[in-house]
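The values are calculated or read from the model by the stated rules, or taken from the named source; none is laboratory data. All of these numbers come straight from a predicted model, not from anything done at the bench. Neighbour counts are summed over all protein chains in view; Cβ atoms, including those assigned to glycine, are modelled from backbone coordinates with ideal geometry.
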């Protein structure tokens, strides 16, 4: 057995719903010098496992892949194109502006002028494009300071510090609305306020009447005077209000379903699954929206289909819709009355991330964040005017990758979409990609990636750091597990709360299929997931350890009896259930990875986290590592790795991103015995 560091036991015993638990590593929930010393020892041990010749041989490729251009969706205001762009040599994306979609960009803000760990994660220009408000954070903490910039002279004209977890703003003619929370360090992230900031500098509270698990979002219609406020549970059921004279007047508050409003051309369009599990678009005149007595007062603009609706984006005189069809993305263009004009002729197995449609409300110009398993993420510009059609689009911007590792150049890849039968006759789609000259021989090193939660779909996408593995003969599988929204609300519900184990069963069924189909064997199969996906692979690790040769478990939830006590955990009880509820406790207890570790052999496992994570507390990974190191009877390493100057993943500097990702892939190469 590898000589893991020894973790001191300092047991806490508690009884919950009549069952007594011993938690020998509760002290690792702290952040004192004792924990810091433990992390130092664990990092040193992990370095002894991954700092090998294989890692050294991978490093040049990762350096070359990491320092590439990145482009984000443009936002058009007042004829100006605002966009975050990360040049090839940059640590962070910069905010830029240009007068034409393909013109030369002018840098407005380079956050690394402050520090290389400072990032600009979001921005919102005002309607005439003369001012822009943006959010700055440091070290991935998702705790923001706001700045207002004069676009013409690039001068900061206003500042609002310490607004907590603020993820956007919405302008009217006199200022902007934004949400603020308490500080993560003080346990205040679930204390929320809706505020209004005037251009003269006055900042006032609108309301703070929000439950801990519910979050406000504001949308203002340009020139309409209508202000809509959505209050919801992180993509779960939402309520819609109109803000009038400082009070929230109910519009749609009894749907028990997600909804997203869009204000455009004097209309309110509402994208919702209410009465339509795969989504539909409702419509109402904006000026009479406060007269609505219920959903029956809305007309159906786009009816539910067999596809799953993901996003509605106003563009020109109409709007575009992103749908998922058989776990792949399609985009349709509609007139204002909802009539579908056509679908864009996107490539087979296209993937568009959440929020991946960008728009120009001022002209018939649509932007699409397009990606695929053999296509790096690029920005597509589509003309969608009356005379345009399915083929009137082109790639506006795309990163340049090394030719020998570029699937659009020399690296020839094959993509297959398989359908795997899981429990309750669920048919789970999984994408399998590998080099075209690789024939399944039952021994290919294989990485299976999954998530399965919070209505987040996994669609075809390419992480450039995956390319050396594919070039070296590896197989990558992307599984669309229940808990996501690939097939609408029913697919989500089948992987949430009391049905959460379906997510794990799907992941295990796909792993078994990869072996049965002759791609790999259990010794050469790695499971990989992060955040909620970390829970997925953590559960698979404790339920079916013999199914995997390695596990990469990043920023994970693993102690499901205490997840609600830390950071944003309480806001996730709608997805998982609360341990305080006796019924929910039973299903959480049944699969909680930390509570299902037993004395047995476990595969090589890497638990990776970050000091600045303000979503999932690092104690999940710490405690799981300590307990598994003490319990494993096998020879494979159980590793823990924590980094500074980043958090849950957002805003990580490029240099640190390269190191982090190289460490994870080096672990896979080492434990699956992959030759270069």
For residue 238, all conditions in the list (1) out of contact with any helix residue (DSSP H, G or I) (no Cβ under 8 Å at 6 or more places or on another chain); (2) surrounded by 15 or more Cβ atoms within 10 Å (Cβ to Cβ); (3) farther than 20 Å from residue 312 by Cα hold save one; what is the number of the exception?
-> (3)
Would you check if there is a residue in region 227-234 being surrounded by 15 or more Cβ atoms within 10 Å (Cβ to Cβ), farther than 25 Å from residue 578 by Cβ and in contact (Cβ under 8 Å) with a residue 40 or more places away in the chain?
-> yes
What is the number of the single condition among (1) assigned to a loop (DSSP other than H, G, I, E, B); (2) at pLDDT below 95 that residue 338 does not meet?
-> (2)
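Got a sec? Which of 146, 190, 131 is at pLDDT below 95, farther than 25 Å from residue 377 by Cα and either surrounded by 16 or more Cβ atoms within 10 Å (Cβ to Cβ) or touching a helix residue (DSSP H, G or I) at 6+ places or on another chain (Cβ under 6 Å) (or both)? Can you show your working first?
Working: 146 fails: at pLDDT below 95; 131 fails: at pLDDT below 95.
Unique residue meeting the criteria: 190.
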Selected residue (criterion: nearest to residue 626 (Cα to Cα)) from residues of region 1-25 that are outside the structural domain of residue 625 (by TED's automatic domain parsing) and surrounded by 15 or more Cβ atoms within 10 Å (Cβ to Cβ) | 7
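Of the residues 526, 511, 444, only one is over 30 Å from residue 403 (Cβ atoms) and crowded, with 20+ Cβ neighbours inside 10 Å; which?
Values: 526 fails: over 30 Å from residue 403 (Cβ atoms); 444 fails: over 30 Å from residue 403 (Cβ atoms).
Criteria check complete, one pass: 511.
Inside region 368-393, can you point out the residues that are assigned to a strand (DSSP E or B) and under 20 Å from the mean Cα position of the chain (by Cα)?
Of the residues in region 368-393, the ones assigned to a strand (DSSP E or B) are 368-372, 375-383, 393.
Answer for region 368-393, where residues must be assigned to a strand (DSSP E or B) and under 20 Å from the mean Cα position of the chain (by Cα): 368, 369, 370, 371, 372, 375, 376, 377, 378, 379.
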Among the candidates 429, 440, single out the residue that is out of contact with any helix residue (DSSP H, G or I) (no Cβ under 7 Å at 6 or more places or on another chain) and either modelled with pLDDT under 95 or part of a helix (DSSP H, G or I) (or both).
-> 440
Boolean, residue 363 is under 25 Å from residue 124 (Cβ atoms) and assigned to a loop (DSSP other than H, G, I, E, B) = yes
On the given criteria, is residue 37 within 27 Å of residue 620 (Cα to Cα), modelled with pLDDT under 95, surrounded by fewer than 15 Cβ atoms within 10 Å (Cβ to Cβ) and not assigned by TED's automatic domain parsing to the domain that holds residue 131?
-> no
Run down 563, 667, 585 and say which single residue is in contact with a strand residue (DSSP E or B) (Cβ under 8 Å, 6 or more places away or on another chain), at pLDDT 95 or above, under 30 Å from residue 118 (Cα atoms) and assigned by TED's automatic domain parsing to the domain that holds residue 446.
-> 667
Does residue 614 fit the bill of being closer than 18 Å to residue 563 by Cα, assigned to a loop (DSSP other than H, G, I, E, B) and not assigned by TED's automatic domain parsing to the domain that holds residue 145?
-> yes
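Check 598, 609 and return the single one that is outside any helix (DSSP H, G or I), free of Cβ contacts under 8 Å to residues at least 60 places away in the same chain and more than 15 Å from residue 632 (Cα to Cα).
Values: 598 fails: more than 15 Å from residue 632 (Cα to Cα).
Criteria check complete, one pass: 609.
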Please find, among 106, 84, 94, the residue that is without any contact (Cβ under 8 Å) to a residue 60 or more places away in the chain, surrounded by fewer than 21 Cβ atoms within 10 Å (Cβ to Cβ), under 22 Å from the mean Cα position of the chain (by Cα) and not assigned by TED's automatic domain parsing to the domain that holds residue 644.
-> 94
